[in-house]
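To start, the structure itself, in C-alpha cells.
The values are calculated or read from the model by the stated rules, or taken from the named source; none is laboratory data. Fair warning: this is a prediction, and the values are worked out from it, not measured in the lab. Cβ placement follows ideal geometry from the backbone for every residue including glycine, while neighbour counts extend to all protein chains displayed. Ligands, DNA and RNA are stripped out before the accessible areas are found, and what is left, the full protein with its side chains, is counted by its heavy atoms. Shrake-Rupley method; radii C 1.70, N 1.55, O 1.52, S 1.80 Å.
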Amino acid sequence: MASTGLCVFGAQRPGRVEQLDRTYNPGHPTTVFGTELPIIQAPMAGVQASALAVAVCNAGGLGSLPCAMLTADAIASEITGIRAQTSRPFIVNFFCHVHATPDAERERTWRALLAPYYQEFGIETPGGQSPTRTPFDADTAAILEHLRPPIVSFHFGLPADPLLQRVRATGAAILASATTVDEAQWLQSKGVDAIIAQGVEAGGHRGMFLSEDVTTQVGTLALVPQIVRAVSLPVIAAGGIADAQGVKAALALGAVAAQVGTAYLLCPEAATTAVHRGALASEASRHTALTNLFTGRPARSIVNRVMRELGPLRPDIPRFPLASAAILPLRAAAEATGSGDFSPLWAGQNSSGCRTTSAAELTRSLAS
C-alpha cells in the first residue's frame, strides 16, 4: 500500500498514532488515526453516548463521544467507560461557541411565535431554562489533563488559545470542523492536526464559525478537494456519506477518512428516540433543511410541522443555544403523543444508509 507516512501527532505515547496514511487499499489493513478502517463515527450530541463509540472502535473504526451536552462528571465517567471496553483510539468532541447574551426582545418574539402552540397543547408559557449545550472551558480542559483521551475534536471553531494549549499539552491529536476553505486555512494556522471538511449535506449543526452566511455552505463533493488543495493537513470528509461507495468517493477526492453520522442513528447502540427513529425510517427523511428553530444555530433536520409553519430559518429568535428553552415543552408534549412536530430530527440529506443493524456491522460494511 502506498503511503506518505505523514507525521501528524508528535511524540509517541500509548494510544497515539505516529503515521497517517493518505491512501487506502481495501485489500490490506490501513492506519487512519490508529484504526484499521478509514471510518469515523460522527459525534452526535443528544442521540448517543459511549456505547456507540465503543462499538465502532471495536469494529476497527474511530468512535466519537459528544460531550457538549454532558456534565463534567458525565464526561469523566463516559471516557472511563470507553477505556474499560476498548483499548483502541477514540475521539471526544466539544463545542466552542461563545455564550450568547440573553436578548429580551428576541425572547419575547420567539415566545409570541410559539404562543399558539402552547395554547394548543395546554401549556402555560414556560419560564427561562438553562441552555443544555456547554462550550469547552477550563473545567473541561482539566478533565482532559487528567484522563488524556487520544483525540479531541472541536465544532464551531476552536477554544481560546490558552485552553487549546492545555489540550495540546496532553498529547492529544486535535481535529476541528471546517465548512469553507477560509475556515480550513484558519484552523491550519492555529495548529490543528487534521481538518473535518463538513459538507452542507451533513445532519446536525453546521460547524461554521467565521461567517453566519449559510450561502457559503457547499456540498462535500465541492468542499473536500478545495480544502485538500488549500491546506497541508490530513482532511476528513463529512456530509452525505452513507455507504461504501460514498467512502470510496471521499477517499478518491483526497480525504484520508470518511466521517459518518446519520447512518448510525438506527443502530441499537444509538440513543435515538422512538419518534426520531420513526422519522428516519419514513418517507419524511427525504425532506431535510437547515433550521435554527431548535437551538438558534443552523442545523440540518428532517422537515417537520414547526419548520414548515414558522420557516426553517429565522433571524429574530434567541441565539444559540438559548432558543431551545422555549421549544422544549412543546417537544415534550408532542413526543408524548408520538409526534415529532417540534423535535430536532437531526439527519443528513442521505439517510439511505440508515439500517437497524449493529454499529459494528455498519462500520465494516462502510469500509467493505
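For the stretch 37-161, the Stokes-Einstein estimate of translational diffusion at 37 °C and a viscosity of 0.692 mPa s comes to 198 µm²/s, using the Kirkwood hydrodynamic radius over alpha-carbon pairs.
Accessible surface computed residue by residue for the stretch 138-265, with neighbouring protein chains in place and a 1.4 Å probe, gives 34 Å² per residue.
So, R0 is 45 Å and r is the distance between the beta-carbons of Thr216 and Thr125; what FRET efficiency does that work out to, to 0.05?
Calculated transfer efficiency: 0.80.
The calculated FRET efficiency for the pair Glu361 and Leu147, based on their C-beta separation and a Förster distance of 35 Å, comes to about 0.75. Normalising by residue count, the stretch 200-287 has a Cα convex hull of 129 Å³ per residue.
Computed from phi, the 3J(HN,Hα) profile of the stretch 284-291 under the Karplus parametrisation 6.51, -1.76, 1.60 (θ = phi - 60°) reads 4, 5, 6, 10, 10, 7, 6, 9 Hz, with x in place of Gly and Pro. Amide H contacts under 5 Å for Ile196: Ala176, Ser177, Ala178, Ile236, restricted to partners 5 or more places along the chain or on a different chain, H placed in the peptide plane at 1.01 Å from N. Across the stretch 230-368, C-alpha contacts under 8 Å between residues 6 or more apart give a mean separation that, scaled by the residue count, equals a relative contact order of 31 percent.
In order along the stretch 71-84, phi translates into HN-Hα couplings of 6, 4, 5, 5, 4, 4, 5, 5, 5, 4, x, 4, 5, 6 Hz, rounded to whole numbers, per the Karplus curve 6.51 cos²θ - 1.76 cosθ + 1.60 with θ = phi - 60° and x for Gly and Pro. Stretching Ser232 away from Arg308 to a fully extended chain increases their span by 23.2 nm, per 0.36 nm per residue minus the current alpha-carbon distance.
When both the stretch 303-368 and the stretch 42-103 are represented by their alpha-carbon centers, they are found 19 Å apart. According to the Cα-based calculation, Rg over Rh for the stretch 122-268 is 1.02, with Rh computed by the Kirkwood formula.
Ordering Phe209, Phe95 by accessible surface, largest first, gives Phe209, Phe95; the 1.4 Å probe counts only protein heavy atoms, with every chain in place. 3J(HN,Hα) along the stretch 132-145, derived from phi through the Karplus expression 6.51 cos²θ - 1.76 cosθ + 1.60 where θ = phi - 60°, amounts to 9, 10, 10, x, 4, 9, 5, 5, 5, 4, 5, 4, 5, 5 Hz, with x in place of Gly and Pro. Amide H to amide H, with H built 1.01 Å from N, Ser153 comes under 5 Å of Val92, Asn93, Phe94, Leu175, counting only residues 5 or more places away or on other chains. Here each label is just a point 7 Å from Cα along the line to Cβ, and for Ala76 and Arg166 those points are 1.4 nm apart.
Could you sort Cys57, Cys354 by accessible area so the largest value comes first, with the probe set to 1.4 Å?
Working: Cys57 0, Cys354 20 Å².
From most accessible down to least: Cys354, Cys57.
Simple point charges give the picture: +1 on the Cβ of Lys and Arg, -1 on the Cβ of Asp and Glu, and for the chain a dipole about the Cα centre of about 460 debye. The mean sequence separation of alpha-carbon pairs under 8 Å and at least six residues apart, normalised by the residue count of the chain, gives a relative contact order of 19 percent. Semi-axes of the equivalent ellipsoid for the chain, computed as √(5λ) from the eigenvalues of its C-alpha gyration tensor and ordered from largest down, come to 33, 22, 20 Å.
How much mean residue ellipticity at 222 nm does the chain get from its helices, if each DSSP H run of length 4 or more adds -39500 (n - 2.57) and you divide by all residues, to the nearest 500 deg cm²/dmol?
Calculated mean residue ellipticity at 222 nm is -10000 deg cm²/dmol.
Residue order by solvent-accessible surface for Ser232, Ser87, Ser64 is Ser87, Ser232, Ser64, largest first, with ligands and nucleic acids left out and a 1.4 Å probe.
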